Amino acid sequence: YTVTFNANDTNAGETTKATLDKVNMTVTYDKPYGTLATATRTGYTFNGWYTDKELTKRFTQEIMDDSNITVYVDWLVNTATIGFETDGGTYIESITGNPGDEVIAPNNPEKLGYEFKGWFLDQRYTHSYSFTTLPSTGIVLYAKFDRLYYTISFNPNSYDYVANITLPYNDLIPE
């Protein structure tokens, strides 16, 4: 008898196709099924074989009946999360969704005395990140901030020259 494997990837709106290492196999009546097909699909996790298209009856048989059978894959949609490490700046909510979904950059975090310079994939700020779509796996982005500096200019009431002073935000003015 024949066991037919249905990839169950033709629903309306589905864009990624599954890969099966075999589409059917022959099994002798009253003998063990052996190894079933291996199913893979980008953006999804295999969740077992079912004997009905509605995926309500999990395939649990170990011995072949006296008729052909079709089994259907149950797919779980993978999700991915973009987390944000703001280095002391304002909190940014994580973004979670399906890999490939469009992603809009969050509002820039704020940090007193610093200017936000962008999101990076690493803590050394060597690989900048552009928001387009959710990646296939979760990532953490790191906010880069540059410290703000202020220049103090003196306008003396005499002819004495006083040099400008440039200091980081919130530093004390030297005497």
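The values are calculated or read from the model by the stated rules, or taken from the named source; none is laboratory data. This is a predicted model, so every value here is computed, not measured. Heads up, the Cβs are rebuilt from the backbone with ideal geometry, glycines too, and the neighbour counts pull from every protein chain shown. Keep in mind that these areas ignore ligands, DNA and RNA; they rest on the heavy atoms of the full protein, side chains included. Shrake-Rupley method; radii C 1.70, N 1.55, O 1.52, S 1.80 Å.
Descriptive notes on the structure:
- Set side by side, the residues Tyr150, Tyr142 differ, and just one is touching a residue at least 40 places away in the same chain (Cβ under 8 Å) and either assigned to a strand (DSSP E or B) or surrounded by 10 or more Cβ atoms within 10 Å (Cβ to Cβ) (or both), which is Tyr142.
- Condition met for Val77 (under 30 Å from Val3 (Cα atoms), open to solvent by 40 Å² or more (accessible area, probe 1.4 Å) and touching a Gly at 6+ places or on another chain (Cβ under 9 Å)): yes
- Applying the criterion of being among the hydrophobic types (A, V, I, L, M, F, W, C) and open to solvent by 30 Å² or more (accessible area, probe 1.4 Å) to the residues of the stretch 59-74, the residue that is modelled with the lowest pLDDT is Ile63.
- When the stretch 123-134 is filtered for residues that are at pLDDT 95 or above, more than 30 Å from Leu167 (Cβ to Cβ) and not hydroxyl-bearing (Ser, Thr, Tyr), the ones remaining, listed by number, are His127, Phe131.
- Selected residue [closer than 30 Å to Asp52 by Cβ, at pLDDT 90 or above and either exposed (fewer than 11 other Cβ atoms within 10 Å of the Cβ) or in contact with a strand residue (DSSP E or B) (Cβ under 8 Å, 6 or more places away or on another chain) (or both)] from Gly118, Gly97: Gly97
- Scan of the stretch 37-58 for residues that are surrounded by 15 or more Cβ atoms within 10 Å (Cβ to Cβ), on the phi < 0 side of the Ramachandran plot, modelled with pLDDT of 90 or more and not aromatic (Phe, Trp, Tyr), ordered by number: Ala37, Ala39, Thr51
- Selection status of Ala18, under 13 Å from Val77 (Cα atoms), open to solvent by less than 60 Å² (accessible area, probe 1.4 Å) and either among the hydroxyl-bearing types (Ser, Thr, Tyr) or within 24 Å of the chain's Cα centre (by Cα) (or both): yes
- Qualifying position, being hydroxyl-bearing (Ser, Thr, Tyr) and closer than 30 Å to Tyr142 by Cβ, among Tyr91, Tyr50, Tyr1: Tyr91
- Any hit, the stretch 11-21, residues being more than 30 Å from Thr81 (Cβ to Cβ) and either in contact with a strand residue (DSSP E or B) (Cβ under 7 Å, 6 or more places away or on another chain) or modelled with pLDDT of 85 or more (or both): yes
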